[in-house]
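Notes to accompany the following structure.
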Amino acid sequence: MLSIYHFDDSGPDRTCTCVNVSPFLSFCDVCLRLPLFLRWEEEKCTDGSKWRFLEHKGPVFPPPYEPLHARPYQAMKLSPGAEEVATFYAKMLDHEYTTKDIFRKNFFKDWRKSKITELKKCDFTEMHEYFKAQPEARKQMSKEEKQVKNECILQEYGYCVMDNHRERIGNFRIEPPGLFRGRGDHPKMGKLKRHIRPEDIIINCSSQDSVQPKAPPGTRWKEVRHDNKVTWLVSWTENIQGSIKYIMLNPSSRVKGEKDWQKYETEEVLKKCVERIRAQYREDWRSKEMRIRQRAVALYFIDKLALRAGNEKDEGETADTVGCCSLRVERISGKDYIHYYNKVPGEKSVRQSKYNIELILKEEKTSILNKHLQELMDGLTAKVFRTYNTSITLQQQLKELTSPDDNIPEKILSYNRANRAVAVLCNHQRVPPKTFEKSMHNLQTKVPVIKIAISHLNSDRREKETALCSMTYCLLLSSLHRCKKWGVPIEKIYNKTQREKFAWAIDMTDEDFEF
DNA sequence: CGTGGAGAGTCAGCCGTGTATAA
DNA sequence: CTTATACACGGCTGACTCTCCAC
């Protein structure tokens, strides 16, 4: 039974009561009122509001910098600010980032508000050693001491009250300052991510009846607003890309759970009409209109290759990564493309129309594509295809790989193998972590016979990781179903966080379920 | 009507930490 | 029993998707 919250208007302290009811029951069998999910649905909230009451304590700021009085540059004394920025670099000395020119250049540019002229002449090793020793020092602090401290902060700042429910907040801590780590060859890597002050913070909460969060002594918030059309509690603008950051609720919360449920339902609808959509885009490959051909091939890639949509981005400002709609001709002839291409035998009409492919990917825009998808099916967007195909593949694989006589470990193994198939579809590829390579090396030198096992180990690891990261909803339900059917403990497949997030799905799975 | 940009929300990889397990 | 290694977990945050609205 799923724990669905219901309103408890009688309580003096506005906390919720959890009652075990199925989301498909009309009424809670204890208080005889509608469960929250359904009530929300019932009352429709057509104005698009996400909540009626919201109260929280605001964010937790990182502790202020404590100067070390270190002198990494020719014994020169640094201001506390300059010294702090230096510590960010010193902490990363072991990281590959600090070997990259762009990283160093950006860091140095932001740091040299001081009179330091050459990075090469700086010696960060002393500071580096200091920080390396920190985990040791922290270990000295007693375990309970740490836990109690953390627990207090969590209890005070880690929860909010939204519509009578005490809900867990996802990230209630402000991002600490540091050096920006972009992904890939990011042109801004190494730039200083500055301190966020209360004056940068926008608070969102109820206007009446709620206690508003207090800014730290001697400071004030940038703004306090009362916007119940959004779900965030706190926001600020980050200084590297100028984008907005938010504090929002935990995945186990009502607002997030409802969203997930909705997505699951969209997948269900797609299942019913996917063949129609496929037939249509195949036909569109031969359209007289170029735009339609473009659209159809883009859609084909998204469907067949589980590509992401991939929006246009500012060149020179952002990471160098690509998706379907931003694929360019030069990339198509490149290795990446061949790599994908080889995985798609058949569908000759796409392959033969070289002319198609070149234009399509160059000019098709995500927004246009999404508009088209919306016409094909209500709620359909590019990424729904990705999750849908993931689900279907997993389900098929599970069916193929599992036999009723398997014992539980065998069933867990086949689950992991099925996940590998899913990973292939999504083209997940990960570099094994460095520590892994190292331990592999040790194995190889010690016991040569073990070599044979190495490839297995390697793939097992990937399967596990994939199991953790390719969570979608039909996929989720079909694997939950399998657990129930074969008596595999759910705990063996999903960890605590995942089980909390998908409490609603775990409950609605029964043995007859099939995606 | 199309487009660009801001805002909101989701996804996913990395990494530190704590714990289980092996040596 | 102690120490070292492996592993799992969860927090963090950059990247991405999608929507909406002003122009």
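The values are calculated or read from the model by the stated rules, or taken from the named source; none is laboratory data. What you are looking at is a predicted structure, and each value in this text was computed from that prediction instead of being measured. Heads up, the Cβs are rebuilt from the backbone with ideal geometry, glycines too, and the neighbour counts pull from every protein chain shown. Areas reflect the complete protein model, heavy atoms only, side chains present, ligands, DNA and RNA absent. Shrake-Rupley method; radii C 1.70, N 1.55, O 1.52, S 1.80 Å.
Set the bar at 26 Å for Cα to Cα. Now go through A:121/A:191; A:50/A:146; A:304/A:484; A:100/A:146; A:105/A:132 and name every pair that lies beyond it.
Correct reply: A:50/A:146; A:304/A:484; A:100/A:146.
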Simple SL model, points at 7 angstrom along Cα→Cβ for residue A:375 and residue A:123; separation in nm is 7.0 nm
Burial-style ranking of A:82-89, A:372-379, average other-beta-carbon count within 10 Å with highest first, yields A:82-89, A:372-379
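Tally up the carbon and sulfur contribution to the accessible surface of region A:138-255 as a whole percent, 1.4 Å probe, everything protein left in place.
Values: 3130 of 6510 Å².
Reported share for carbon and sulfur atoms: 48 percent.
Below 13 angstrom from the Cβ of residue A:87, what's the summed charge of the other residues (Lys, Arg +1; Asp, Glu -1)?
-2
In a shell of Cβ-Cβ distance under 9 Å around residue A:175, excluding residue A:175 itself, what net charge do Lys and Arg (+1) and Asp and Glu (-1) give?
Cβ neighbours under 9 Å give a net charge of +2.
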Expected sort for A:393-399, A:266-272 on mean C-beta neighbours within 10 Å, highest first, is A:393-399, A:266-272
